[in-house]
Amino acid sequence: METFPNLLTKTTTDRGEKLAIYDRGRELTYSQFRQRSLQLAAGLSRQGIGLGDRVAIWLPNCAAYLEYFAACAHMGATVISLNTKFRSSEIEDILHRSKSRALVFWPDFKGIDFQGILNEVPVDKLDALDLIVCYTESVNDKAKQPQIPGCQNVVLSDDLYEDEVMPSSVSTADTGLVVFTTSGTTGKPKFVLHTHKSITAHAIDVANRFGYAGRETRLLQVNPLCGTFGLTQAIAGFAGGGSVYCLPVFDAEAAAALIQEARITDINGSDDMYAMLLNARDEAIPYPSIINAGFAAFNPSLGNLVEDADRRGLKLVGLWGMSEVQAFTAHQLVADPVELRKQAGGYLLSDDAKIRVVDPETSAQLRFGDMGELEISCPGQMAEYLDNPDATAKTVTPDGYVKTGDLVIQHDERKFTFLSRMGDTLRLGGYLTDPVEIENVLNQYPGIAKSQVVGVDTDKGTKAFAFVVPRAAANLNKEDLEAHCRDHLASYKIPIDYFVLEDFPVTQSANGVKIQRARLREIAISHYQKTLA
């Protein structure tokens with residue numbers, strides 16, 4: 001079962017009339033989902049799309065996304081994931097560099113002019129596109145034939161579903177299945193390529209570890225399918241014969257209502273999402289049906305979220321993953337105390353995964369309990385960075401481990417605790433220092449709501465620089481703040497300056513809202529240089 005078509009066929013054979021996808025009132029059984037995917041594969045094939053082609057999908061969480069994904073998998077085409085938050089410059093770059101032959105998008109989704117965004121892309125950057133598919137749910141728009149400059153072959157999604165189905169799949173275990181975009185060092189995203197084998201093997205591991213097949217599993221699809229956090233959950237749901245409930249746009253009230261009405265059993269998301277879900281309901285125990293609730297921490301002001309959720313019957317567990325090895329690669333245990341469950345990292349998901357921690361400067365392997373860079377080898381790891389052998393060689397070691405760029409502490413052969421990204425790790429006074437340690441001290445100061453610490457290079461080495469967001473009506477005094485830090489930190493960890501912001505600059509990504517630490521570093525360097533002038 002090393003291809004997605006084989007996985008879907010097996011689940012359909014076992015549970016054909018069971019609900020596979022729920023999308024705003026529309027229900028698809030596994031038999032219907034598979035049949036529509038095969039019909040769609042036949043339609044795409046008739047348009048000239050086939051084995052080895054790249055198909056960009058620019059859709060939100062909806063049944064159509066999953067049907068196109070399954071159709072591409074059947075045909076041996078590779079899905080290029082596009083976030084619905086992307087705008088013209090990002091779309092231009094990804095479509096051009098990925099050499100996508102087809103684009104599937106929703107022109108009128110969410111009231112945003114996606115066709116207008118696409119029209120802003122220079123025609124020469126769409127030179128590889130032979131087909132543009134317009135998905136719509138509006139009766140009026142279905143009667144229109146969209147016009148896209150530079151592409152003569154523009155069709156409506158409904159017209160692709162053929163009466164005939166495409167015969168047996170041409171995909172193999174090593175056929176490229178999906179590309180995730182992730183941050184790159186050149187200012188342009190890298191394209192993380194996963195094969196059928198890595199996606200399906202990992203999905204089966206997730207389904208087995210969280211018990212999807214042994215019960216009635218209903219998963220709330222909140223995280224975007226264009227990212228590993230969202231796609232991993234959906235494919236694992238299919239591997240376990242569960243039902244995936246799609247939400248194209250997250251709304252706390254709508255999500256809370258769906259959780260209660262559908263008796264959702266499994267949900268994964270950001271700390272912000274859980275905070276909004278808890279605030280959306282007044283009941284003491286608002287979501288008793290939820291069995292598994294995994295979270296990723298992106299908002300430093302929600303440090304007590306796990307405790308707050310515990311008091312309301314929701315046992316949150318920290319997760320760890322990345323596009324290169326997929327989401328859920330490590331997780332905490334629901335039976336563990338709050339102090340452990342709120343940490344990222346935890347126990348390795350796959351029995352076949354292996355980890356080690358190395359010194360980031362010498363690459364020497366470290367002992368259990370030491371702090372260093374995490375390297376991992378697992379069934380769910382990427383094949384390569386698409387069309388980028390140099391970047392691949394820098395990330396994958398000669399013996400097949402992925403260099404994660406994450407600072408961790410390894411406790412034993414199967415468990416680690418994530419501390420921070422290596423890019424965020426500071427070497428202060430000759431010591432590797434996790435900026436979160438300094439941030440925790442800053443956050444204890446009564447007038448500070450949240451903080452971020454970055455490094456600034458000075459003539460005396462790298463020094464910590466703090467950004468703080470004050471609480472409402474708080475009047476921060478830098479001298480008092482420095483005294484607070486001196487009382488709680490070693491001298492080399494004390495920030496050289498404190499910069500007050502109304503809030504941190506953030507980026508909306510497929511896997512959650514992330515603070516733009518690179519932008520904070522730019523501000524810190526500029527401010528420090530002005531003090532020297």
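Read the figures in this text as sums done on the coordinates, not as results from a lab. Owing to the predicted nature of the structure, the values given are computational and were not obtained by experimental measurement. Methodologically, a virtual Cβ is constructed for each residue, glycine included, from the backbone with ideal geometry; neighbour enumeration extends over all protein chains shown.
Can you give the convex hull volume of the alpha carbon atoms of region 1-114 per residue, in Å³?
That works out to 104 Å³ per residue.
Working from Cα positions, state the angle (0 to 90°, nearest 10) between the long axis of helix 517-532 and the longest principal axis of the chain.
30 degrees
Find the Rg to Rh ratio for region 400-449, where Rh is the Kirkwood radius over alpha-carbon pairs and Rg uses the same atoms.
For region 400-449, the value is 1.09.
How much length is gained on full extension from Lys188 to Leu51, taking 0.36 nm per residue of separation minus their Cα-Cα distance?
Once the chain is fully extended between Lys188 and Leu51, it gains 46.6 nm.
Using Cα-Cα distances under 8 Å and only pairs 6 or more residues apart, what relative contact order does region 344-426 have, in percent?
34 percent
By how many degrees, 0 to 90 and rounded to 10, does the Cα axis of helix 252-262 deviate from the longest principal axis of the chain?
Roughly 60 degrees, rounded to the nearest 10.
For region 250-423, take the convex hull of the Cα atoms, compute a quarter of its surface area, and give me that in nm², please.
11.5 nm²
Rounded to whole Å, give me the distance from the Cα center of region 264-285 to that of region 422-452.
28 Å
Pulled fully out, how much extra length does the chain show between Lys85 and Ile525, if you take 0.36 nm times their separation in residues and subtract their Cα-Cα distance?
Full-extension gain reported as 155.5 nm.
State the antiparallel share, in %, of DSSP beta bridges confined to the chain, rounding to the nearest 5.
60 percent
On a C-alpha basis, how far is the centre of region 35-56 from the centre of region 336-413 in Å? Whole number, if you could?
With region 35-56 and region 336-413 each reduced to a Cα centre, they are spaced 36 Å.
If you take Kirkwood radius over Cα pairs in Å from the coordinates, which of [x] 24.5; [y] 27.9; [z] 23.1 do you get?
Given [x] 24.5; [y] 27.9; [z] 23.1, the structure-derived one carries the label [x].
Taking the Cα atoms of region 136-288, report the difference between the largest and smallest coordinate on each principal axis, in whole Å and largest first.
57, 45, 42
In region 251-348, what GluC sites (Glu not before Pro) fall in a loop by DSSP, with at most 11 other Cβ atoms inside 10 Å?
Those satisfying the criteria are Glu283.
What share of all Cα pairs of region 30-191, in percent, falls into each consecutive 10 Å distance bin?
11, 42, 37, 10, 1
Counting alpha carbon pairs within less than 8 Å and at least 6 residues apart, what relative contact order, in whole percent, applies to region 426-532?
Once normalised by length, the contact order is 25 percent.
When you count, for each residue, the other Cβ atoms within 10 Å and take the mean per peptide, how do 467-476, 91-100 rank with the highest first?
91-100, 467-476
Determine the dipole magnitude for region 11-138: charges of +1 sit on the beta-carbon of Lys and Arg, -1 on that of Asp and Glu, nothing else is charged, the reference point is the Cα centre, and the result goes in debye to the nearest 20.
340 debye
How much mean residue ellipticity at 222 nm does the chain get from its helices, if each DSSP H run of length 4 or more adds -39500 (n - 2.57) and you divide by all residues, to the nearest 500 deg cm²/dmol?
Theoretical 222 nm ellipticity from helices: -9000 deg cm²/dmol.
Between region 167-241 and region 289-311, what is the C-alpha centre distance in whole Å?
For region 167-241 versus region 289-311, the Cα centre distance is 23 Å.
Please report Rg over Rh for region 426-532, where both radii come from the alpha carbon positions and Rh follows the Kirkwood definition.
With Rg and the Kirkwood Rh in hand, the quotient comes to 0.95.
What is the percent of Cα-Cα separations in region 361-487 that go past 24 Å?
That tail contains 45 percent of the Cα-Cα pairs.
Determine the percent antiparallel among the DSSP beta bridges restricted to region 30-191, to the nearest 5.
Within region 30-191, antiparallel bridges account for around 10 percent of the total.
Could you tell me how many degrees, from 0 to 90 and to the nearest 10, lie between the Cα long axis of helix 228-239 and the main elongation axis, the longest principal axis, of the Cα atoms of the chain?
It is inclined by approximately 50 degrees.
Highest mean first, how do 373-385, 486-498 rank when packing is the count of other Cβ atoms within 10 Å averaged over residues?
Averaged packing, sorted descending, gives the order 373-385, 486-498.
Just to be sure I understand the model, the point goes 7 Å from the Cα along the line to the Cβ. What's the resulting Asn475 to Ser363 distance in nm?
Calculated label separation equals 5.7 nm.
Please compute the net charge surrounding Thr265, taking Lys and Arg as +1 and Asp and Glu as -1 over other residues with Cβ under 11 Å from its Cβ.
Charge balance in the 11 Å sphere: +1.
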